[in-house]
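Worksheet for the structure shown next.
The values are calculated or read from the model by the stated rules, or taken from the named source; none is laboratory data. Since we're looking at a predicted model, the values are computed, not measured. Glycine gets a Cβ as well: all are built from the backbone with ideal geometry, and neighbour counts include every protein chain shown. We work out accessible area using only protein heavy atoms, side chains counted, and drop any ligands, DNA or RNA first. Shrake-Rupley method; radii C 1.70, N 1.55, O 1.52, S 1.80 Å.
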Amino acid sequence: MVKEVELHAALAEETGGSPDSPLAVIDIGATSMRMLVAQVDKDGQVHELEALQQSVTLGKDAFTSGTIAHGSVEDCIGGLRDFLRILEEYRLDVDSPHVRVVATSAVREAANRQAFLDRVYIATKLEVDVVDNAEVARFTYLGIRPFLGKRPFSTQEAALLVEIGGGGTEILGLSGPTVLFSQAHSLGSLRVRHGQGDRQPAETDWHSLVRNQTRRIADTVRPELPDARRVRLVAMGGDARFAARQLDPDWLGRENIRLSTRRWRALAEEIAGVSPDELVQHYHLTYPAAETLGPALLAYALLAEQFGLKWIYVTALTMRDGVLAEMTKPTVWEGEFTKQIIRSAILLARRYQVDVSHAEHVAKMARKLFGFLRDEHGLGAKYELILTLAAILHEVGMFISNMSHHKHSYYVIANSDIFGLGSRSIELVAQVGRYHRRAEPKASHDAYSSLRRDERIAVSKLAAILRVADALERTHTQRIARLDLERRSDSLLITALGLTDISYEQMALAEKSSLFERVFGLRVVLARRNNHE
Amino acid sequence: MTEEALYLNRELSWLEFNQRVLDEAADPSVPALERLKFLAITASNLDEFFMVRVGGLRLLTGEGRTTLDPSGLTPKQQLAAIHQRVHQMVAEQERLLLEELEPLLAAGGIHRAVAGDLYGEQWQYLSQVFDEEIGRIVTPAAVQDAARFPLVANLGLHMAIRLRPRADDPKKRARYAVIPLGGSLQRFVALPGEGTRRYVLLEEVVRIFAERLFPGERVAEAVVFRVTRNAGMNVDEDGASDLLAEMEGVLDARTFSECIRLEMETQATKTMAEFLRRALRVGSEEVYATRAPVSLGDYMALAGIEADESLRYAGMPPQASPSVDSSLPMFQQIAKADILLCHPYESFEPVERFVREAASDPDVLAIKQVLYRTSRDSPIVEALRQAAASGKYVTVLVEVKARFDEARNIDWARRLEMDGVQVIYGVKGLKTHAKICMVVRREPRGIVRYMHFGTGNYNERTAKLYSDISLFTCNEDFGADSSAFLNAVAGYSTPQAFRRLAVSPIGLREKLIELIEAETERRRQGQKARIDAKMNSLADTDVIDALYRASQAGVKIRLNVRGICCLRPGVKGLSENIQVVSIVDRFLEHARILVFHHGGDARVFISSADWMPRNLRRRVELLVPVEDPGCRRKLIGILDTCLQGTCKARRLLPDGGHERLVAGEKPVRAQWALYEMVTKALASGRRSRRNVFEPHRPERRQSKG
């Protein structure tokens, strides 16, 4: 609570506005752009002030031709300008931390994505964050977190939180408050309508496409579940909310709601049998929404049937709620959320047969060093997590080969999914992992030089710490269980407690501490002290 | 209309409504000038009806269309029935004016003089008026022949002159001229002197001195006439687009301006009448000859003159509402509880104050409002202008399609724009009829949205004459819905799912039918079920069908429908549980109120929408639930009073006619009862709040129109 208050105060200082100023999230999707303006009350309760939506054709462009057409860009900008008017009414500046803009699959996949982002910035001054699947999963988790432990998220049954979007399907597997996995699949309601490139599926084709893809998704999900017979499906997104309103007209869109799979299927069949034009007429939908409705509803129903489920739950929560949660509580890089991420990294480490006890011990000591050197490195909680993950994963490359395993570690990490971590963060983890031994970061290293300056510095600092921590655990026996740290004028004195011989570690340090000395300007001295000394 | 038809004909039902207004003009218990006002209203109502509805039907018959309307009539049959009914009505108007109202007014000192009544001084006075004013304005246009008749303005008063043949014309051909009498000329020319108010009609003066306009000629005949032109296609969906939807593209401008009604004085000779009919190309059934002056709508001006108090209704000034404390800011009071007002019994002032306070409140961030019809120099518009000038974000949706108000709307809307208000000129293809004003305010507890929803326009003048409901609330769900609604009409967002409100044309009709069906279902399950509703018009056949089904299931339905009602009530096996009552009285019934029994936990709504296809399908309208227990009780009480009224209330009969209700031992005149309810509540409210000074203020005179 204290931290939130501090954050609010900090935000107020930055924006010159009131700490109670509303927050806004704009989400640029494949078929629509939405804006949520909300305020958070003293109890942390979120109150929606405005929910706006404009149709866009970004997904149709990006998924068929690979680029966003000029007209679609300008339509999008027109819509954003309307949103800006609403922001002005709430006295929200576009560049204030109270406003966040994210774009998902359509923009991410467009070949002219940079041109799109530049054009949007020039026209609206809005900085758009293009988020990847992992970040979507993180936002989803953050949005849903307050509801975990409550129905339908029980510990007895795993919950599959599924959003079938225009460009793909995101699945978050949960067991009570624990994240089991997050997956992204290419089943997109708009994609199946329009195919890829020149391949336009016939009107009837998409039904079998959806059928095949849902079967494949179920096959991928099943092994990840503790018990594939004890599972609940929670549908998210505009299409799911539409189904909920149709099947229960009294639903106000607040609570999670349970709907019969049989009735859902009937509705899906009915809608799938009608042309988008008729849907627009009958349900007062926009055309892009009408296009995705049939495939999406059918996919949810088929997925539920794959698991033999009688019920489909719908949640009104959206990714925007998660973005909002991150804006109101940037402490997400600590606490429960980081535990989920670390758990996901450990699962990954196990998959590559890493000595997890060693890895966790390195992580523990790295965190201790990180905490002690806070004044020196000036990095925040997010980097502490990146260091931890790099420590856990630094040896995954050994699975490929013992030779230059740090290089293998780099690409294994860089190409893996870690729940809750975006590709940018994963890249940082991978680089810190890579630099845990041998060559130090150099401008001639392509990956390293492609980072932003502040990220390069952070990677160097974290790799330096990781090297020291790894040296301290050279024996892979976790024998340095406790240590004291002391900052001297030109050195860092590490005292290992309860040991009589530390020569291995001292040799390792001599080998591995040069980066540390260069980055922090401190020599590393390892001493020992017996308990009775 | 065929016997077995499920629905009453829309046009004939409207004519029945006009008849009910005319009945007020005929009611001896109504003061004379009020009766004259009702008479004038029936006349101007008919003008509009002809231009739009008859015009629309004429276009259909012109194209040879034979499509049946829901009552089973072809356009031709409808036209024949309309003309037959209107001829009767015009005869009654004529009789009423000449035989009842003029003598009554004369007794009250308001006397119409004709040429034979005038004596020397008056004659001289009129001669002077003619030479100095009238004669300088009126310009006769010579008529070569019937085929080349000069263009006469729609609904303008004209005089047709027949001159004696030239002496040197061996064929003795009649010669004609037309004098337009419209423009800046006053219809009623007051005569000087005496204690009484004597007046002469403009046409009478022109007739007396007509020869002065034709030096050297002799006037054989001078006849007043007026034409009504077809506006069926010219107007928006308020008009006749339901009739003409299938004809889009077929019509061209040529068909618009055709003459569809010719009114003239009965004194016209056969020669003159035939000449005008040929020249203006009207059928014989379209000629309306009257002994009374033509264009009785003009009598509205006469009804407004200063006169003895006994000729008018006693004052019923709007009362301060006991629900509103004039010493406290509106926001503070709305934050405490929702407020419901019943105009014109309760003053409209709190609505104006709401906008005014918003305009000057430093914590207000934005004001958003839909303005459909408003008055000239509207204080609300002024407040919005000031709000924008003081840096608030003000968004106003101005409905430029509001019929006959278009020019006025554009004018003040442009001014608003210049003052920094974001003005949106309506929604494409739809008329925005919803009445909503939302104020976004920053408060210590966060952003709070305050709403006013109404059933009437933001017009402080009509708010004194129309019965309407206002609802103020700051309920969060209503705020979110209002934002979503206003963002949608402003084009900022596609319509989102609404929590509480229902919006036409995207779901209001469905919601209505769903509410009706829910009562039907409850009744089928043996529960008590009831629907009470009040509206101006009921014509949507889907809604009527739902009501028929409800009636057949045994749901008791009481409807208060002022105007058109296409539902046939009281037909065995179809609608015997439906009762329709119409009130036409001093104030124009205008509120839309809905109460569904809902198993004892009544669901109560106000709405801007009538149950007509145009409202439910081609207009942006709102259906607003009233949830505050106090407001609900009050609103149910208001509707009950309207439904229980016996005086000034007519029951609709299965054949579309109507009969006056017979008052029992305790006759109830709904409008009076409501006024009394408010004054009593105010008095008891005052007793409990003696610490507020309330000055006596003179009642401001109601202005015309």
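Between the helical axis of B:670-687 and the dominant principal axis of chain B, each derived from Cα atoms, what acute angle in degrees is found, rounded to the nearest 10?
Taking Cα atoms only, the helix is inclined about 50 degrees.
For segment B:4-305, give the share of DSSP beta bridges that are antiparallel, in percent and rounded to the nearest 5; count only bridges with both residues there.
Close to 75 percent.
Using a Förster distance of 60 angstrom, determine the FRET efficiency expected from the C-beta separation of residue B:418 and residue A:485, and round it to 0.05.
My answer for the efficiency is 0.30.
Relative contact order of segment B:330-497, please, whole-number percent, based on alpha carbon pairs below 8 angstrom and at least 6 residues apart.
Once normalised by length, the contact order is 29 percent.
Threshold 10 Å², probe 1.4 Å: give the residues of segment A:86-118, in number order, that are less accessible with all protein chains present than with their chain alone.
Correct list: A:86, A:88, A:89, A:90, A:91.
Expressed as a whole number of Å, what is the distance separating the alpha-carbon centroids of segment B:90-162 and segment A:378-430?
Distance between centres, Cα-based: 98 Å.
Angle between the Cα long axis of helix A:356-372 and the longest principal axis of chain A, 0 to 90 degrees, nearest 10?
It is inclined by approximately 80 degrees.
Kindly compute the accessible surface that chains A and B hide from a 1.4 Å probe when together, both sides summed, and give it to the nearest 100 Å².
2600
Per residue, how many Å² of accessible area does the protein assembly as shown show with a 1.4 Å probe?
I get 42 Å² per residue for this part.
Output the 0 to 90 degree angle, nearest 10, between the alpha-carbon long axis of helix B:10-26 and the longest principal axis computed from the alpha carbons of chain B.
80
Using a simple spin-label model with points 7 Å from Cα along the Cα→Cβ vector, what separation in nm is obtained for residue B:527 and residue B:377?
5.5
Could you size up the charge dipole of segment B:533-624 around its Cα centre, putting +1 on the beta carbon of Lys and Arg and -1 on that of Asp and Glu, and report it in debye to the nearest 20?
Computed charge dipole of segment B:533-624: roughly 100 debye.
Mind checking B:486-493 for the average number of partner chain beta-carbons within 10 Å of each residue's beta-carbon?
If you average over the peptide's residues, the count of other-chain Cβ atoms is 6.
Quick check for me: using +1 on Lys/Arg Cβ and -1 on Asp/Glu Cβ, what's the dipole size of the protein assembly as shown about its Cα centre, in debye to the nearest 20?
Dipole about the Cα centre, nearest 20: 1380 debye.
Give the long-range amide H neighbours of residue A:528: residues separated by 5 or more places, or on another chain, with amide H under 5 Å away, using H modelled in the peptide plane at 1.01 Å from N.
A:496
Where both residues lie in the protein assembly as shown, what percent of DSSP beta bridges are antiparallel, nearest 5?
65
List the residues, sorted by chain then number, that are 5 or more residues from residue B:560 or on another chain and whose placed amide H is less than 5 Å from its amide H.
Distant-sequence amide H within range of residue B:560: B:533, B:534, B:535, B:581.
Under unit Cβ charges (Lys, Arg +1; Asp, Glu -1), what dipole magnitude, rounded to 20 debye, does segment B:330-497 have relative to its Cα centre?
It comes to approximately 360 debye.
Of the accessible area of the protein assembly as shown, with the probe set at 1.4 angstrom, what percent is carbon plus sulfur?
The computed percentage sits at 49.
Taking 0.36 nm per residue of sequence separation and subtracting the Cα-Cα distance, how much length would be gained by fully extending the chain between residue B:316 and residue B:278, in nm to one decimal?
Contour length minus Cα-Cα distance gives 8.6 nm.
What residue among A:103, A:153, A:126 has its Cα farthest toward the positive end of the dipole of segment A:52-168, where the charges are +1 on Lys, Arg and -1 on Asp, Glu, each on the Cβ?
A:153
Straight-line reach from residue B:528: which lysines fall under 27 Å, measuring Cα to Cα and dropping same-chain residues less than 8 apart?
Straight-distance partners of residue B:528: B:511, B:556, B:572, B:634.
May I ask you to derive the relative contact order of chain B, considering only C-alpha pairs under 8 Å and at least 6 residues apart, and to give it as an integer percent?
12
Residue by residue through segment A:44-55, which ³J(HN,Hα) values in whole Hz follow from phi under the Karplus form 6.51 cos²θ - 1.76 cosθ + 1.60 (θ = phi - 60°), with glycine and proline marked x?
For segment A:44-55, the Karplus curve yields x, 6, 8, 10, 6, 9, 9, 10, 10, 8, 9, 6 Hz.
Starting from the Cα gyration tensor of the protein assembly as shown, take the square roots of the eigenvalues, sort them a ≥ b ≥ c, and report rounded, prolate or oblate (rounded when a/c is under 1.5, otherwise prolate if a/b is larger than b/c, else oblate).
prolate
Going by a ≥ b ≥ c, the root eigenvalues of the Cα gyration tensor, does segment A:119-231 fall in the rounded group (a/c under 1.5), the prolate group (a/b larger than b/c) or the oblate group?
Oblate, since a/c reaches 1.5 and b/c is not below a/b.
Could you pull out every one of the lysines with an alpha carbon less than 21 Å from that of residue B:172, ignoring same-chain neighbours closer than 8 positions?
Qualifying lysines at Cα under 21 Å: B:270.
For labels at residue B:84 and residue A:227 in the simple 7 Å Cα→Cβ model, what's the distance in nm?
Once both label points are built, they end up 8.0 nm from each other.
In segment B:503-683, what percentage of the DSSP-assigned beta bridges are antiparallel, given to the nearest 5?
The answer is about 60 percent antiparallel.
If ligands, DNA and RNA are left out, what is the accessible area of residue A:452 with a 1.4 Å probe, given in Å² to the nearest 10?
Counting only protein heavy atoms, residue A:452 exposes about 120 Å² to solvent.
Under 17 Å from a point 7 Å along the Cα-to-Cβ line of residue B:145: which residues of segment B:165-186 have their amide N that close?
B:170-177
Amide H of residue A:232 versus every other amide H placed in the peptide plane: which residues, excluding those fewer than 5 positions away on the same chain, fall under 5 Å?
A:158, A:159, A:160
So for the protein assembly as shown, taking the charge dipole from beta-carbon charges (+1 Lys/Arg, -1 Asp/Glu), which of A:236, A:316, A:385 sits furthest toward the positive end?
Final value for the positive-end residue is A:385.
For segment B:587-631, which trypsin sites (Lys or Arg not before Pro) pass both filters: DSSP loop (anything but H, G, I, E, B) and at most 12 other C-beta atoms within 10 Å?
Passing both the DSSP loop test and the Cβ count: no residue.
Rounded to the nearest whole Å³, what is the per residue volume of the convex hull around the Cα atoms of segment B:35-76?
Enclosed volume per residue, from the Cα hull, is 72 Å³.
At 222 nm, what helix-only mean residue ellipticity would chain A give, in deg cm²/dmol to the nearest 500, using -39500 (n - 2.57) for each DSSP H run of four or more?
-15500 deg cm²/dmol
For chain A, rounded, prolate or oblate, judged on the Cα gyration tensor with a ≥ b ≥ c (square roots of eigenvalues), a/c < 1.5 rounded, else prolate if a/b > b/c?
Note, shape of chain A comes out prolate.
Calculate the spin-label point distance for residue B:154 paired with residue A:150, positioning each point 7 Å from the Cα along the beta-carbon direction, and give it in nanometres.
Each label point is offset 7 Å from its Cα along the Cβ direction, giving 6.0 nm.
Got the relative contact order for segment B:554-619 handy, in percent, Cα pairs under 8 Å and 6 or more residues apart?
Rounded, it is 23 percent for segment B:554-619.
Give me the three principal axis extents of segment B:503-683 from the C-alpha atoms, as integers in angstrom, largest value leading.
41, 38, 36
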